[in-house]
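Data first, discussion second: the structure below is written as structure tokens.
The values are calculated or read from the model by the stated rules, or taken from the named source; none is laboratory data. None of the values given here were measured: they were computed from a predicted structure. Please note: Cβ atoms are built from the backbone with ideal geometry, for glycine as well, and neighbour counts cover all protein chains shown.
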Amino acid sequence: MKTVLISGASSGIGLELVQHFHQAGWFVFMVARRKERLESLKDKFPHSDFQVCDLTNSEDIQKLSPRLESLNYPLTALINNAGIYQPKSLDQDQDQVWDQHYQSNLMSAVRLTRQLWPDLKKNKGAVLNISSTLAIRPIANTAAYSALKAAMNNWTLSLALEGAPHGLRANAICPGLVDTPIHSFFESTDPKDQEFYQNIQKLQPLGRTGKPQDIAPMALELCAPHSAWITGSIIPIDGGILLNS
């Protein structure tokens, strides 16, 4: 059975990835911080298991390999999806903001991939990084987030080159503005947030912001063994917003 490890699996894009891969017949290993949420998901998806993990903690990450080995499911794919989004202006942009983004949005993925790299090489697997269109075209007040996602894209290309001799592939998806808990204004009842939401809909050439369901099919395609000749690709899924100048 094909096996995927998904970080940030308990909500948003991560949760949709869990559902999509499970429906496609994969065994899904879920990684996130909220134990009660992961337990409820394991009950919902019989071909799954989980590990509570703080991905900014190296010791937590080191516990994942023995747990995976105990399940006896060879790892086929790793999806680095976990992250944070904290928009700040330069006046508010303290070192702590950069440190948090660095640890959560880049180094968590680096550490997790490094830990699982031997298994992925052995199984000729795939790494998929969930980046952002802000890595390609940033907007104001997102300096730390945008810069670290740009670093993730560049790191993805390095992984692709390093993994290629072993048949290991690495790609990245860059979602545009997607309705997930990382953006509080989607479900806000504040009139200002509602006005902002209506305005950003107009920025999308396809006329709407994204849903997690818009991301999952491409993620499955890039991780599937039949995509064995796709590596080093940075793919925006954004309703066409990058077409706007």
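For the range 102-130, a tally of residues being of a type in the set (Lys, Arg) and either within 21 Å of THR56 (Cα to Cα) or not in a helix (DSSP H, G or I) (or both) returns 3.
Conditions (1) among the polar types (S, T, N, Q); (2) in contact with an Asp or Glu (Cβ under 7 Å, 6 or more places away or on another chain); (3) within 20 Å of ASN57 (Cα to Cα), marked per residue:
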site	(1), (2), (3)
GLY83	no, no, yes
SER132	yes, no, no
ALA135	no, no, no
THR142	yes, no, no
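On inspection, LEU75 does not qualify as buried (at least 18 other Cβ atoms within 10 Å of the Cβ), of a type outside the set (D, E, K, R), modelled with pLDDT of 95 or more and not in a loop (DSSP other than H, G, I, E, B). For the range 109-134, a residue qualifies if it is buried (at least 16 other Cβ atoms within 10 Å of the Cβ) and either among the charged types (D, E, K, R) or under 11 Å from the mean Cα position of the chain (by Cα) (or both), and the qualifying residues are ALA109, ARG111, ASP119, VAL127, LEU128, ASN129, ILE130, SER131, SER132.
Evaluation of PRO191 against the conditions (1) at pLDDT below 90; (2) closer than 30 Å to LYS121 by Cβ shows that the sole unmet condition is (2). How about the range 83-125: which of its residues are β-branched (Val, Ile, Thr) and farther than 17 Å from ARG169 by Cα? The answer is ILE84, VAL97. When LEU68 is tested against (1) closer than 22 Å to CYS223 by Cα; (2) modelled with pLDDT of 95 or more, exactly one condition is not met: (2).
Only residues that are part of a loop (DSSP other than H, G, I, E, B) and aromatic (Phe, Trp, Tyr) were counted across the range 78-101, and they come to 1.
The requirement of being buried (at least 18 other Cβ atoms within 10 Å of the Cβ), without any contact (Cβ under 8 Å) to a residue 60 or more places away in the chain and in a helix (DSSP H, G or I) is satisfied by TRP155.
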